[in-house]
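Structure incoming, see below.
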Amino acid sequence: MSNIVRGTMLLTGASFLSKFLGMIYVIPFNSLVGATGGTLFAYAYTPYNIFISLSTVGVPLAVSKFVAKYNAVGDYKTGMRMFRTGMTLMIVTGVLAFFAMFLSADWLAAQMITSQDARSITSADVAFVIKMVSFALILIPAMSIVRGFFQGHHSMGPTAISQIMEQIVRIAFILGGSFVIVSVLNGSVIAAVGFSTFSAFLGAVASCFVLWVYWHKRQPYIHKQMQQQIYTHDIRTRDMLAELFRYAGPFILVGLATPVYQLIDQFTFERAMVASNQGDIWAFAYSAMNFYGHKLVIIPVTLATGLSLAILPEMTKSFTQKNRVFLEKQINQALQIIMFLILPAAVGLSILSKEAYGTLFGIDNIQISGQLLAWYAPVALVFGLFTVSSSILQSINQQRFAVISLSAGVLVKLLFNIQLIYVFGAKGAIIGTALAAGIAMILNLWRISTTIQFSYKQLMKRTILIGIFIAIMSLFIILLRFLLNMVVPEGRFGMSIVLTVCIVVGGMVYLGLAYYSTLMERVLGRRIGFLDKLFRR
């Protein structure tokens, strides 16, 4: 058991570190390529993320489950058969995905960009960066299968180390390459972003090398296990693949939600902004919203959902054992963690949007970027609730309903996005995303309630108390910001001082109120006992 716990903690830590690196590198990247580079980067990575999801279709995690299932009964050969079959499948889908993305790049770019103003981003620029990032599709699906196979053997080290190495190498080439192209060679931002997107392939090469080293070391042990086994399940390849896709199906949906919303923005944002006579700022507004701003908004979502989703394995166990009392307690805790952590972070980020964006990404056009971030920050709560509610549906065997809720959200985004952008400007795209994700979230929560007759009464009571504490926190932040702005210098440095002081004071006020009211303990449990030393001094 200790090895399993250690492995899970290693994988969780590696995943968090990888995501954290993916969040902070955009700060120096922004200094190198600016808003234009950020928009181009986002235009390449959104379809890339969708192609990755479609080419792997949740297979790596499904392989992990499959291998673990048959290893548990001593049938290591069946797990190896699945690995080889899955590897062949992923090589084929990876190559097909590469050709599909590479060959469709010009068409996709032409649909996304209608204006051919040489002073702005052109469809040729977008096509170039899409083609550059597509090369990573050749390696990543097959690489993911190897990770899944190791995880099925309860070996989390290969996945953790390869994940971190992939991110480090990718970011090193993104920043190093951009610096050389822009600052040393005086090259274009387009060339810098093209190389930056190609860095996904270079990161994948580094990850594959790490996995190859692990495979070379573990191969004798794996073969020894197969030689010693007595009984092998006689499963046809067709049945084996059918079982694999039963496991894999639900996992694609949750991960696709945000990229699909962003892809709709890519096909509609530029033309709607041009139609509403705001074509001169569309590239800046898009990067401020869907690239740089999104990186900030997703930070509390990543932290809170990671903590909340840790409860889900036990939730599945409670549902299987028909232990209704524990199941309701676990669902309540998962949802309350989201409210307790994301809601104050979203409100605080919305209030300090100018300071946060200005400190990290510069003060050019800060009125536009700050306003967009202020509108986008509250959407973090919707993202968090949608992610957790979708996972709860999986734990109570209602994962198929996630198809309906996600489809409803996508339909709303498709139908209203252009009209919202035309009426409200750039923030119309944020309103469209909020409506789409909000409808999907509400449908998920409704399904949970009707399936197991779950009551949200306790969640609502705790949310009201959280809201009161947030209101007090907000008053402190607003007053403190007003006072600080009277004494600190204007500009980026002054904004960083205001941001730091307000975050520290606002966070202490909120956590102090939550601690002394026992709300924190009721939501998070005794895992927050380390705060006793801080608030009892």
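The values are calculated or read from the model by the stated rules, or taken from the named source; none is laboratory data. Since the structure is predicted, the reported quantities are computational estimates derived from the model, not experimental observations. Positions of Cβ are generated from backbone atoms using ideal geometry, with glycine treated the same way; all protein chains shown enter the neighbour counts. In case anyone asks, the SASA skips ligands and DNA or RNA and just uses the protein heavy atoms, side chains included. Shrake-Rupley method; radii C 1.70, N 1.55, O 1.52, S 1.80 Å.
Quick check, is MET132 of a type outside the set (S, T, N, Q), under 21 Å from the mean Cα position of the chain (by Cα) and under 17 Å from LEU202 (Cα atoms)?
The answer is no for MET132.
So, one more: Among the residues of the range 35-59, count how many are more than 17 Å from LEU139 (Cα to Cα) and open to solvent by 20 Å² or more (accessible area, probe 1.4 Å).
2
Name the one entry in ILE477, ILE497 that is out of contact with any Gly (no Cβ under 9 Å at 6 or more places or on another chain), modelled with pLDDT of 95 or more and open to solvent by less than 60 Å² (accessible area, probe 1.4 Å).
ILE497
Mind telling me which of the residues GLY432, GLY425 ends up being closer than 30 Å to THR114 by Cα, open to solvent by less than 30 Å² (accessible area, probe 1.4 Å) and at pLDDT 95 or above? Break it down stepwise before answering.
Numbers: GLY425 fails: at pLDDT 95 or above.
Only one candidate passes the filter, namely GLY432.
Having 2 or more residues that are in contact with an Asp or Glu (Cβ under 8 Å, 6 or more places away or on another chain), acidic (Asp, Glu) and touching a residue at least 24 places away in the same chain (Cβ under 8 Å) is the bar; report the helices (runs of 4 or more DSSP H) wholly within the range 103-198 that clear it.
none
Can you run down the residue pairs with Cβ atoms below 9 Å, 6 or more apart or on separate chains, where the first is in the range 328-348 and within 17 Å of SER517 (Cα to Cα) and the partner is of a type in the set (D, E, K, R) and surrounded by fewer than 22 Cβ atoms within 10 Å (Cβ to Cβ)?
Going by the 9 Å Cβ cut-off, the qualifying pairs are GLN336/ARG462; GLN336/ARG522; MET339/ARG462; PHE340/ARG462.
Still on this structure, I have one more. Taking the range 69-86 as the region of interest, how many residues are farther than 18 Å from ALA242 by Cβ and assigned to a helix (DSSP H, G or I)?
4
Return the residue satisfying two criteria in turn: it lies in the range 396-422 and is surrounded by fewer than 24 Cβ atoms within 10 Å (Cβ to Cβ) and of a type in the set (Ser, Thr, Tyr), and of such residues it is farthest from SER276 (Cα to Cα).
Filtering the range 396-422 for residues that are surrounded by fewer than 24 Cβ atoms within 10 Å (Cβ to Cβ) and of a type in the set (Ser, Thr, Tyr), the one farthest from SER276 (Cα to Cα) comes out as SER407.
Picking from ILE161, ILE181, which residue would you name as being within 20 Å of the chain's Cα centre (by Cα) and of a type in the set (Val, Ile, Thr)?
Values: ILE181 fails: within 20 Å of the chain's Cα centre (by Cα).
On inspection, the qualifying residue turns out to be ILE161.
Can you find a residue in the range 309-327 that is under 30 Å from LEU484 (Cβ atoms) and modelled with pLDDT under 90?
Quick first cut of the range 309-327, residues under 30 Å from LEU484 (Cβ atoms) only: none.
Checked the range 309-327: no residue is under 30 Å from LEU484 (Cβ atoms) and modelled with pLDDT under 90.
A further question on this structure: Cβ-Cβ under 7 Å, sequence separation 6+ or interchain: first residue in the range 388-402 and outside any helix (DSSP H, G or I), partner open to solvent by less than 40 Å² (accessible area, probe 1.4 Å) and modelled with pLDDT under 80. Which pairs?
Close Cβ pairs (under 7 Å, with a partner that is open to solvent by less than 40 Å² (accessible area, probe 1.4 Å) and modelled with pLDDT under 80) amount to GLN399/PRO250.
Can you tell me which residue in the range 364-395 is nearest to the chain's Cα centre (by Cα), limited to those that are open to solvent by 10 Å² or more (accessible area, probe 1.4 Å) and of a type in the set (Gly, Ala, Ser)?
My answer is SER391.
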